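In what follows, a structure is listed as C-alpha cells, so that the remarks can point back to it.
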Amino acid sequence: MRSVSRLNKFVGSGLLAAMVFAFFGCGNFNAPMQTFASGSDLAKWITSLYIQITIWDSIVLAIVLIVLALAIFVFSTREGDPTEPHEHESDLMLELAWTIAPALILMFITIPTVRTIMRTQPSKWPANAITVQVHAHQWWWEFDYPGLHIATGDEVHIPINRVIHFELYSDDIIHSFWIPALGGKRDVIPGQVNQITLIPSVTGEFYGQCAEFCGLSHANMRFRMVVDTADGFKQWVAAQQAPPVEPQEAAAKNGEKIFKNAPCAICHTVRGISGFSKQYDYGFRGPDLTHFGSRGTLAGSIFDNNPKNLAMWIQDPEKVKPGARMPTLGLRGTDLHDLVAYLESLK
Amino acid sequence: MAAQPKPLAFEHPSYLHDPGGIWSWITTVDHKRVAVLYGITALFMMAVGGMEAMLIRAQLMVPGNHLLSAAAYNEMFTMHGTTMIFLVLMPLELGFFANFFIPLQIGARDVAFPRLNALSYWVFLGGTIFLHLGLLRSIYGLPDAGWFGYANLTERMYTPGINVDCWDIGLLILGVSTLLSGLNFFVTIVNLRAPGMTFMRMPMFIWAMLVTTILILLAFPALTVGLIFLFADRFLDTHFYRVSAGATPILWQHLFWIFGHPEVYIMALPAFGMISEVIPPFSRKPLFGYPMMAYSLVLIAFLSYGVWGHHMFATGMGPIADATFSITSMLIAIPTGVKIFSWLATVWGGRLRFTTSMLFAVGFLVEFTIGGLSGIMHASPPVDLQQTDSYIIVAHFHYVLFGGVLMGILAAFYYWWPKITGRFLSEKLGKAQFWITAWAFNATFFPMHFVGVLGMPRRIYTYAPHMGWDFWNYFESVNAFILGFAFLLFFINIIWSAMDGEIASSDPWDARTLEWSIPSPPPAFNFAAVPMVTSRDAFWVRKYGTVGTHGVAPAIAGGAAAAPIGAHAEVEEHIHMPAPSLYPLIFALGVFLMGVGCLVWTRLIIMGGAVTVMSVIGMVFEYPSFGKFDPAMIAESTLGLDHRKVGMWAFLGSECVFFASLISTYMVYKDRNLGGFDAMILNIPLTSVSTFVLLTSSLTMVLALAAVQRDDRKWSVFWLASTVLFGCIFLGGQAFEFTDFVMQGLKIQTNLFGQTFYTLVGFHGIHVLIGVCWLIVLTIAVARGKIGKDRSLAVEIGGLYWHFVDIVWVIIFTLIYLMRTVKHA
Amino acid sequence: MHEFSISVILGVAALAGLYLAASLLLDRRPARRQTAAFGLGLAMMTFALTGPIDHYVQARSFALYIFQQMLLVFIVPPLLLIGMPDWMARPLLVGGWFERAWRILTRPLVAFLIFSSTFTLIHYPLLCDHVCHARLPYGDIRELLLLVGLLLWWPLLSPLPEYPRLSYPMQIMYLFLLMIPMTAVAAPITMAQTVLYMFYASGPHPFGITPQADQVLGGLIMWIGQGIYLMCVFTAIFFRWSRFEDREVPAINLRLQPGLRVIRRPAA
Amino acid sequence: MSDHALNPAHAGHDVSHEDHPGPGLYLLIAAILTVLTAAEITVFYVPGLQPVLVPILLVLAIVKFAFVGMFYMHLYYDSKVFTTLFVFPLLLALLIVFGLLLLFSHLQGVLSFVVP
C-alpha cells in the first residue's frame, strides 16, 4: 500500500506540473474574438472587473490547493501508523474565519460589480449618439442606420470615439449579439428591444457572432464590425448612401437582368433596381445588396467575399449553410458567372 | 416482547438472491432492487451520453469539420445535456445511491412508499425511452433545441418535427418520476429514521438528500408548468411564448431557471453528501464542522431559489434585477466555501488511506473548487456578458457537474459498491481509471476556459480556422477520447467485479455509518432489528465506544464489530416486507401510452389514462393495510405521524408552487394581452355560486370525515356523496362557463387572456375532477364497508386534497375573478 | 418637538419598578444575566422611544422611523423576555381567563398572523397617513408594535415551561417565514418610484436628503437590516439545535421503552 | 433557550384524533366562510370601495384560506410538522409570484416599446 501512495504522489505532482505548464501555454492571445479586450469603454470596464475577479479567484484557488496538497503530502505518510488521528470535530474560530473571509472577498467583488452594472447599463445616451438598429434573422445580421438611411448585412461600420447605441431587434427567435473585442453580449429577443451603448476606442476589424443557440445554422451566424476613423466612416457612409453602381461590363449587365428576373429580387433589395415594400416583407427577407461588392464577407460572414465563394453560395446555399433560407435556384454556367460578376460589381 | 434477546442466525439470502428470476425484478418493490434497476439504466445511458460527447468532440476536433451534419450535431449536444442531467446524474444520485442507502443509513427497512418507488423507476424508464422515440421516425429524430429548450425556438414554427414533442413530453414524464421519488425519499428521511437518530445525528449524505428532495418538490413544478405551456403551444396552437400575441419567450426562461438553478443543486448536493461520507472513513476522522456542513446545505438550498436570474443576465432584465441576482448568487459562495474548507479540515490531520474512492474524493475537491470559483465570475453580470454562452461556461459547468458531481458519484461507486454487490471493484483498474480521468478531464475541460476567453461560442457545430481555437480544440478532443477510455475501464471494472471481484466483508473500510453494520450485500429486510442510535457516526460508536477514536482499544473492533448491530433480533417472524406488485409497471405503461397518444393517435391518450387510473385504484386496494391506522407504525415513526399524511402534505406543498407558476403567468400576461377578450368577460354571479358550492363541499367533506371517524356508515356515505355531488355541480358550472366563453368566441388560442385563463382554471378543474373520482372511489369503498373507523385515514387524505383544491379556488376566485380590473404589471 | 418624553420615561421607570417590586415581593432574585437582559431591554426601549431618534422621527425622517420600529420589534421584546424569570411571569399568566386568552394569542400561528398583519397594515400608506400620524397620538402605534413584538417572540422565548417554546427547527422556520411578510412590506417601499407617505413628503427633512432617498433608505433598513438580523438569529438557533440534538437527546433505552422496539410491519 | 424546547421526536405525540373539532365548529366555520364570500362579492360590486378593493379582497382571501386550512384541514389541531410542510412551500410560491411580477413589470417599464 505504501508504494501505491508513493505512486499517487508521483503521478499527482506530475499532473500538477502539467497543468501549470498548460496554463502558461495559453499565452496565445492572438485571437480576433478574445474577450480580454479593450476595444471600447464598455470592454475596458468589463475587462478590468474580469481581471479583478480572476485574481481573487486565483488566490482562493491557490489557498485551497496548497492546503489540500499539504494535507495529502503530510498526512498520507501516516498510512499504516497505528496511532489514531486526533478527533478534531470543530473549531469555532476557524469556522468563523472561513465564513467571514470569503464574505469579505465577495464584498470586494460585489461592490465593483454593482458599480459596473450601473455604469454599463445607462438608461440615457447622448443625443448625438449613432444609433444602429441590429436586426437578427435566422441566420444573418441586418444593420440599419435609421438616421443615415443605410442598410447593410453581415458587416457593420462604426466610427471611433463616438457614442454608438445599438438597438437589438429580432423578427424570429432569440439570438445574441456579441462582439467580444468591444464588450459584452446582449440577447436579441423578439418583442423586446435590448440595447448596448459603447464608445469604440480602437480602429480595426472585429468579429462578432450570434451567441444564443438559434437553430440549425447557429454556428454560421457571424458578422464583422469595422471601427473606422471619423473620416473613414464619413466616406463609407457617403459610399453606402450613393445609388448602386451601374454595371459596366457585359457580363455584369447581363447579371443585372438575371438578378431582376430570377427570384433574387423577392428577398433582396438593390436600391433603385429591386426591393419593394417592407410592409409585405418583399425584398427584405435577405440582406440589402445595394453595395454588396464593398463587403468583405458573405453568407453570415462565413466566407470571404470573392467570386468563387459567391458562386458556390448561390449554387447551393443549403450545402454551405445548412438550413439556409435562400433557395437553390439552379443557376449555372454563364448565368451564374454573370450574376456573380454583377453582384461583385456593386461596390 | 421477549425479554431475552435471541441470537439471529445469519443464513438469510441477500436481496439479490431470489428464486423468482426476472419476474421478481419486474414486480419488485424492494428499494435495493429498484436502486439496482435505476443503476443499470443510468449506467447504460451514461455510455450513450458519453458516446454523444465523443461525437461532439470528434466534430469539433478541427475547424470546418464535416463528420457530423449541423442537424446531427445539434441533436448530439441537446441529447448529451438532457441525458447526462436527467438520465445519468439524477438517476445515479437519487435512483441508485439515495434509493439504496437512505434506508440503510437511517436504519429503515425500506422507503416510506415502496410501490411508489418502483413506480418512479418504471415511469423514469418510460420517459427515457420517450425522449428517444423520435429515432423511430428517422435517424434525425432526436431533440435538437438544447437541453434548456429555449422558447421560441421550440415553437412548432421553428422546430416542426416530433423531436421536440418527444423532449417536451419525455421531460414531463421524467418530472413525474422525479417528483414522486423526491416525495418518497423526503417522507422516508423525515419519518422513518431509526429511534434516536435526530436530525443532528443523521449522516451528512442523508442531510444532503433531505435538502435535495425539498428542492425537487419545490422546483420541478415550475418546469412542469413551463413544459405544459410548451405542450399547449405545440399541440393546441396557443401563444405562451409567441411574440405575435403579445407574449414573450422570456417567460420560458424564467420558469425554466426557477426550476433550473435549484436543479443544479439537486445534482450537486447529493454529491456533496457522498463526499462527506467518503472522506471521514478514509481520513479516519469524523466529519469536521458537522453543524456548519448541515447548515450550509440548507442555506445553499434556500439561496438557490433567489438566483435564477443569473442565467439570464444577457436578456436585459435591467440593472436592478441584475444587481439583485448577482448579489444573491455571490452569497451562495459563502456556504459552498464553508463546505470546501470543512472537507479540507476533515482531511487535515487524518490518517489518510488513498483508496480509489478517496482519490476521487480528492479529485472532487480540486475540480469542484475550480468550477465553483469560475461560477463567481459568471455571477458578476458585466463579466458574465463576456462569458455566457461561450466555452468558458462549458468549462465551468463541466468542472461542476463532471469534476464535481460525477467524481463524487465515482467516489461513491468505489466506496459503496462492496455493500451493494458484496464484491470489491478492482483497486488497480480503479486507480488507473482515476489517474487517466484526472489527466484527461482537466486536459479536456481546462482548455475550454482558454477557448472561452478567446471567444468561442457554445453550441456551434463548426468554427472558422485562425481564431486561436484550433490547437486547443484538437487537444481537447484527443483528451476527450482518452477520457472515454477511462470510462471504458470503469465499465470493464464493473463487469469484472460482478463476475470475479474480491469478496467484501460487511465493513471493509472500517466505516462509520449504519449501512456497514449489516451484511454485504444486505438481506432483503436490511436490519434484523431496528438499530438504536445514540450519536452521530452510530456504527463507529458501536465499534469503538466513542465518537472519536481516542484511547479506545481497537480490540473491541475485533469482537463487537464482527457482530452487526442487528444481531440481537428478538422476533424475527415479525419482519414482513411489502409484497411485490405489478401495478407500478402498469401505471408507467399507462403514462407512456398517454404520451405516445399525444404524438400519434388521440384516443390512445384516453386509453392510457384509463390504464393509469385503473392501476392507481388497483394499487390502492392491493394491500389490506390500505388507509389503516397502524399505532405500531406511528409509534415507530420518527415524528409520531403517519407517513401517508406527511407525504400528502408535502405533495400539497409542491402543488403550491405549481399553481403559483400558473397564477403568476396569468398575472404577467394579463396586461400584455393585445386586445380582444379580456377578464371583463368573466361571469361573476356564476362563479360566486360555484364558490359557494365548493366551500359547501368542503363542509360536507369534513362532516364525512367526522362520520367515518365515528364509524357511522350511513352518514359517511351521505356526506361523501354530497361532496361528490357538489364537486360535480362545480365542474358543471365550469363546463358551462367554458362552453359559454367558447360560444362567445373565446378559445384557448384566441389571445393571451384566453390561454392563461383556460390553463389556470382548467388545471384547477382537472384537480377537482381527480378529486371527484377519488371521492367516488372512497364513497363506494365506504358504502361496501371497506372503510370504517380504522381506515379513516383514507378519507382524511382524500379530504386534504379536496380542501386544497378548495383553497386554491379561494385564491383563483379572488385574483382572477374579483380582481379582474386590476392591473398587475 | 421634544427631546425627552415624560410619559416614556415614566413608563420605563414603572416597568423597572415592577420588576424590582416583583422580585422583592416574591423574595427571589433573577439570575444576573436576566437582570442584565431586562435592563438592556429597558435601555433600548428608552433609546428607541425618546431622545434623538424619536425627535428625528417627529421631524419626518422615515429611515429613523423604520429604525425605531426595528428596535421596538426585534431588539426590545427578546431582551425583555430573556430578562423575565419564570417565577415572575407565572403568577400573571397561569390560571384564570387571562391564561386562556394569552394561550390563544401566543399560539405561534396566531402570534405570527397578528404580528405580520399589524406590521403590514401600519405600512399601508392610506392607513399610515390617516391613523399613524394624523388622528391618533403617535405613541399608540409604538406601543402596539412593542406589544405585537412581544407576541411575536413569545413562542421562541417563552419564559414559562407551561407555555412550551417551539422546537428548534420550528423556531427557524418561524423566523424564516417572518422574512416574507417583512420583505413584502419592505420591497415595495424600497422600489416605489414616488414618496408613499404624505407625512414624510410634507415637511422639511432633518438631514437634508430628499423624501425619496429617505424612503429608499428606510426600505433598505427594513429589508436588508431585518434580513441580516433574522439570518443571524436563526443561524444561532440552528447551532443550538445542533448541540441539543447531538448531545442532549437522551439515548433511548430499549428496555425502558419497549413500545419503540416494535418492528415495523409494512402491511397487514 | 434550550430549557424546554421540544424534541421533534416527541412533537407529534400530544395530538391525536380526539382533539379534532366536532361538526358544530365545522358549521360555524362554514357560516363564517359564507359570510366572508358574501363580503367579497359585495366589495366587488360597491363602486365606492374600488380604491381599497385589492387589500380588502386579499385580506378576505387570506382569511378564508387560513380558516379552511386551519380547521377543515385540521392544521390547527394537527402536528406543526404539517403546517410547516404546507406553509413553507406556500410562501416560497408567493415569493415566486412576487418576483415574477416585479421582473416583468420592470421589463415593461424600462423597455416601453413592445413590437407588436
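The values are calculated or read from the model by the stated rules, or taken from the named source; none is laboratory data. Remember, it's a predicted structure, so these values are computed and weren't measured experimentally. Virtual Cβ from ideal backbone geometry, glycine too; neighbours counted across all protein chains shown. To get the accessible areas, we keep the full protein, side chains included, count just its heavy atoms, and leave off ligands, DNA and RNA. Shrake-Rupley method; radii C 1.70, N 1.55, O 1.52, S 1.80 Å.
Observations, loosely collected:
- Label-reachable residues, the stretch C:168-212, where backbone N falls under 11 Å from a point 7 Å from A:SER123's Cα toward its Cβ: C:193-194
- Protection proxy ranking, peptides A:44-54, C:102-112, average beta carbon neighbours within 10 Å, highest first: A:44-54, C:102-112
- Principal axis extents of the Cα atoms in chain A, from largest to smallest and rounded to whole angstrom, are 95, 49, 35.
- Debye log10 I(q)/I(0) at q = 0.15, 0.16 Å⁻¹ for the stretch A:250-345, Cα point scatterers: -0.54, -0.62
- Taken residue by residue and averaged, Cβ atoms of other chains lying within 10 Å of the Cβ of B:464-476 number 3.
- The protein assembly as shown, dipole about Cα centre (Lys/Arg Cβ +1, Asp/Glu Cβ -1), debye to the nearest 20: 1320 debye
- Highest to lowest packing among B:376-382, C:43-49, B:588-594, scored as the average C-beta count within 10 Å: B:376-382, B:588-594, C:43-49
- Using a 1.4 Å probe over protein heavy atoms, the accessible area lost on pairing A with B, summed over both chains, comes to approximately 8600 Å².
- At a probe radius of 1.4 angstrom, the accessible area of chain B per residue rounds to 28 square angstrom.
- Chain A: angle of helix A:41-75 to the longest principal axis, Cα-based, in degrees nearest 10: 30 degrees
- Convex hull volume of chain B per residue (C-alpha atoms, cubic angstrom): 159 Å³
- The antiparallel fraction among DSSP beta bridges confined to chain A stands at about 70%.
- Taking every DSSP bridge with both residues inside the protein assembly as shown, close to 70 percent are antiparallel.
- Average Cα contact separation per residue, the stretch B:600-818, under 8 Å, 6 or more apart, as relative contact order %: 32 percent
- Note on B:337-344: average number of Cβ atoms from other chains within 10 Å of each residue's Cβ is 5.
- Helices in the protein assembly as shown, meaning DSSP H runs of at least 4 residues, each add -39500 (n - 2.57). Divided by all residues, the mean residue ellipticity at 222 nm is -19500 deg cm²/dmol.
- With a threshold of 28 Å on the Cα-Cα distance, the over-threshold entries among B:LYS32/D:LYS80; A:LYS44/A:LYS347; A:LYS124/A:LYS234; B:LYS339/B:LYS431; B:LYS628/D:LYS64 are B:LYS32/D:LYS80; A:LYS44/A:LYS347; B:LYS628/D:LYS64.
- GNM on chain A, alpha-carbon springs under 10 angstrom: the most fluctuating residue among A:ILE55, A:ILE130, A:ILE100 is A:ILE100.
- Acute angle (nearest 10 degrees) that the helix A:92-120 long axis makes with the longest principal axis of chain A, alpha-carbon atoms: 20 degrees
- Accessible surface of chain C, 1.4 Å probe: 71 percent of it comes from carbon and sulfur atoms.
- Per residue, in Å², the accessible surface of the stretch A:130-240 once ligands and nucleic acids are set aside, probe 1.4 Å: 24 Å²
- Long-range Cα-Cα pairs in the stretch A:208-271 (distance over 21 Å), rounded percent: 57 percent
- Taking chain A as a Gaussian network of alpha-carbon nodes connected by springs under 10 Å, the highest mean-square fluctuation of the residues A:LEU70, A:LEU92, A:LEU216 belongs to A:LEU92.
- GluC sites (Glu not before Pro) lying in DSSP loop within the stretch A:175-263, provided at most 12 other Cβ fall within 10 Å: A:GLU249
- Annotation: aspartates and glutamates with alpha-carbon distance below 16 angstrom to A:LYS253 (same-chain offsets under eight excluded): A:ASP335, A:ASP338, A:GLU344.
- q = 0.22, 0.24 Å⁻¹, the stretch B:340-403: log10 I(q)/I(0) [Debye, one scatterer per Cα]: -0.86, -0.95
- Between B:TYR474 and B:THR602, the contour length at 0.36 nm per residue exceeds the alpha carbon distance by 41.2 nm.
- Dividing the C-alpha radius of gyration of the stretch C:1-62 by 2.2 N^0.38 Å, with N its residue count, gives 1.37.
- Set of aspartates and glutamates near B:LYS747 by C-alpha distance (under 20 Å), chain-local residues within fewer than 8 positions excluded: B:GLU155, B:ASP233, B:ASP237, B:ASP671, B:ASP678, B:GLU737
- Within the protein assembly as shown, the proportion of Cα pairs with more than 43 Å between them is 52 percent.
- Rolling a 1.4 Å probe over the protein heavy atoms of the stretch B:688-821, with every protein chain left in place, gives an accessible area that is 70 percent carbon and sulfur.
- Averaged over the residues of A:111-122, the number of partner chain Cβ atoms lying within 10 Å of the residue Cβ comes to 5.
- The apolar share of the surface of the stretch D:15-78, taken as the fraction of accessible area on carbon and sulfur atoms (1.4 Å probe, ligands and nucleic acids excluded), comes to 80 percent.
- As a length-normalised measure over Cα pairs under 8 Å and 6 or more apart, the relative contact order of the stretch B:26-500 settles at 16 percent.
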